[in-house]
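Every number here is computed from the coordinates shown, using simple stated rules; none is lab data. All of these numbers come straight from a predicted model, not from anything done at the bench. For neighbour counting, all protein chains shown are included, and Cβ atoms are generated from backbone atoms with ideal geometry for every residue, glycine included.
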Amino acid sequence: TVMAGVGTTVGAELGPLGDLIKGVGPALGIFATIGFSIGILLYYVIPLMPFIYFFFAVGRWVKSIFEAMVAVPLWALAHLRLGGEGIPGPAAGGGYFLILEIFLRPILTLLGLMASIATFMALSAGLDTVFDLAVTNAGGYDMTTLSSGGPDTYMSSARDGLDALFYTVVYAILVYMIAVSSFKLIDLIPNNVMRWSGNNVSSFNDQTDAMGQVNYNLVYKADAMARDIDNTNRGITEAGDNMVDRAKTRELFK
């Protein structure tokens with residue numbers, strides 16, 4: 001933004017250099033947006049994933065309790081049967097499994113939290129071990145020295161910087177995918193463990209995805225921020241052009 005403003009306001013005095021600065025500014029803004037996105041993802045989103053999944057898992061458990069309270073009268077009617085032996089009817093079995101799920105869900109949620117943290121730590125440690133080797137074999141770029149090992153020229157230095165940026169983007173995406181697949185165990189274990197009992201009873205709120213909503217909002221906010229930055233650059237450019245035009249008009253009148 002600063003480069004775009006400087007190139008617009010003093011571009012006439014700088015000549016081709018001013019036009020170059022004005023054109024390079026928005027391009028650097030794109031790379032800055034990528035860097036901010038990586039930083040927000042690695043520093044804020046991924047460390048909060050266990051809390052977000054666990055918090056909404058507790059909320060699902062509370063909502064399942066209210067669901068059971070509403071369903072108690074219908075469950076009582078399901079115990080009625082006109083003949084045969086035994087007290088509960090065939091339709092009442094699902095209610096007992098739902099109560100069993102309500103009692104087991106807190107324990108299974110804690111087990112899912114511990115399993116997800118252990119899985120994420122193991123997979124992320126493995127990624128840190130093999131990522132440098134994979135990048136070196138794929139593109140000849142060493143992430144430890146941040147260089148390609150070629151001759152030290154201006155073009156090689158620029159290429160090394162771009163390689164570091166885009167390999168960091170790939171690394172951030174991989175870590176994010178590992179985090180999502182690992183911390184989903186907080187939901188998957190309580191939701192699916194009851195299938196081993198031979199019953200498919202589940203509460204009505206098992207399909208909500210908290211991180212999906214968070215990611216959607218983050219993408220929306222990032223897009224809105226990028227649009228605001230672009231509009232700011234355009235406003236600065238237009239203001240600078242108007243200032244240059246007014247300066248040329250004053251000189252013409254003189």
Exercise. What's the FRET efficiency of MET177 with LEU77 using the Cβ-Cβ distance as r and R₀ = 35 Å, to the nearest 0.05?
Worked result: 0.15
For this session: Sort the following peptides by mean Cβ neighbour count (other Cβ atoms within 10 Å, averaged over residues), highest first: 120-127, 46-53.
Result: 46-53, 120-127
Exercise. What nm value, rounded to one decimal, do you get for the distance between SER124 and THR168 when each label is placed 7 Å out toward the C-beta?
Worked result: 1.8
Problem set entry | Label point distance in nm, PHE31-GLU67, each placed 7 Å from Cα along Cα→Cβ | 5.1
